[in-house]
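> Quick one: the structure is below, questions incoming.
The values are calculated or read from the model by the stated rules, or taken from the named source; none is laboratory data. Worth saying up front: this structure is predicted, and the values here are computed from it rather than measured. In this analysis, Cβ positions are derived from the backbone assuming ideal geometry, glycine residues included, and neighbour counts consider all displayed protein chains. To get the accessible areas, we keep the full protein, side chains included, count just its heavy atoms, and leave off ligands, DNA and RNA. Shrake-Rupley method; radii C 1.70, N 1.55, O 1.52, S 1.80 Å.
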Amino acid sequence: MIYSRIAGTGRYLPERILTNADLEKMVETSDEWIRTRTGIEQRHIASEDQRTSDLCVNAAKIAMEDAGVTVEDIDLIIVGTTSPDLIFPNIATIIQHKMGIPACAAFSVEAACTGFIYALSSADKFIRSGDTKCALVIGAEIITKLIDWEDRSTCVLFGDGAGAVILKPSDEPGIISTHLGADGQYKDLLYYPVGVSNNLAAAGLGDSRIMMSGNEVFKVAVKTLGAVAQEALDANGLSLDDIDWLIPHQANLRIIQATAKRLGMPMEKVIQTVQIHGNTSAASVPMALDVGIRDGRIKRGQTLLLEAFGGGFTWGSVLLKY
Ligand code: ACO
């Protein structure tokens, strides 16, 4: 039986930091409002000349060094993102070229904030089938390009970044299980109103903004993130005591706290980065994973539950032994 396991991780955050104090000068808001409603204190913003692929390359190099692999070893690239450089060619091929990775399968998945979980789950299946020996899996966003900086209800929430993992085959798990789900009936609660076949010429991407019903998203997010975690535990006959670390999508501290409370998970066992990263969509889970590993909290052999929820709605979990 072939399993996949995480051989290395990395993250990259753009240099520029936008604090709540900076936002106070841009829209009618306050540090106090943002902190109490979301937990967010700061977020990183990509520079004008940075592309999402640049963030990915930086995170990928660190993950590859951590795993001790070279570009010649990589035989699959999967990227979870909603903010690719171009409509085509695919961002994974742009990353491949920038890094000098030899010809291999390279594609992206667009599942909003759940993008990395979808990407990791897909890579796991490639490795389990025996087709892939070394996968580069990335969650990345320059989501702030989709923000209307005059809309205080959304502009305080988001940030940019990239997180990467190297996945390799192993005789033992590694990834124990993955669960993915989606329900398109919730589209109107969170969406971006422009696409290739919808309003592209009329609006121009830069003229649009993220549409979000914050309260409704909040309620469904808490319910779904709780259910997703429980589904992974039930499928493996585990209880919360078996989980060393919960690594949820970092949308909002109140969503994370409410989910943990619903599950009965102490916050000390939940990796939290939303305070310093904001909501980085598909990048949030791999970056939080990397933070927990590099600051020494997450150790080899521990059991981790990764989970995410995002526009669609989409959701998913990955249960793994690190
Ligand atoms: N500063 C000050 N006041 C604000 C701001 C702001 N930045 N934004 C909204 N307000 C005001 C509103 O206008 C409203 O004023 P009113 O009562 O005079 O109309 C008041 O604050 C309350 O607004 P609510 O939307 O009810 O505030 P709420 O407590 O629900 O918090 C929030 C809003 C933070 C967006 C919350 O609903 C939330 O976190 N929802 C989840 C959304 C989310 O995380 N989306 C990210 C993408 S989805 C994902 O990643 C899972």
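> Could you tell me which numbered condition GLY264 fails, if it satisfies all but one of (1) open to solvent by 30 Å² or more (accessible area, probe 1.4 Å); (2) at pLDDT 95 or above; (3) more than 11 Å from GLU307 (Cβ to Cβ)?
(2)
> Out of curiosity, is CYS113 in contact (Cβ under 8 Å) with a residue 40 or more places away in the chain and in contact with a His (Cβ under 9 Å, 6 or more places away or on another chain)?
Criteria met by CYS113.
> Determine if region 79-86 includes at least one residue that is open to solvent by less than 10 Å² (accessible area, probe 1.4 Å), within 16 Å of the ligand (Cβ to nearest atom) and more than 27 Å from ASP22 (Cα to Cα).
Yes; the residues of region 79-86 include at least one that is open to solvent by less than 10 Å² (accessible area, probe 1.4 Å), within 16 Å of the ligand (Cβ to nearest atom) and more than 27 Å from ASP22 (Cα to Cα).
> If you take the residues in region 1-53 that are assigned to a strand (DSSP E or B) and open to solvent by 30 Å² or more (accessible area, probe 1.4 Å), which one is farthest from the ligand (Cβ to nearest atom)?
The selected residue is TYR3.
> Also, quick follow-up: Just to be sure, is PHE158 crowded, with 21+ Cβ neighbours inside 10 Å, in contact with a helix residue (DSSP H, G or I) (Cβ under 8 Å, 6 or more places away or on another chain) and among the aromatic types (Phe, Trp, Tyr)?
yes
> Name the pairs: first residue in region 207-226 and open to solvent by 40 Å² or more (accessible area, probe 1.4 Å), second residue near the ligand (Cβ under 9 Å from one of its atoms) and of a type in the set (D, E, K, R), Cβ to Cβ under 7 Å, at least 6 apart or on different chains?
Filtered contacts from region 207-226: ARG209/ASP151.
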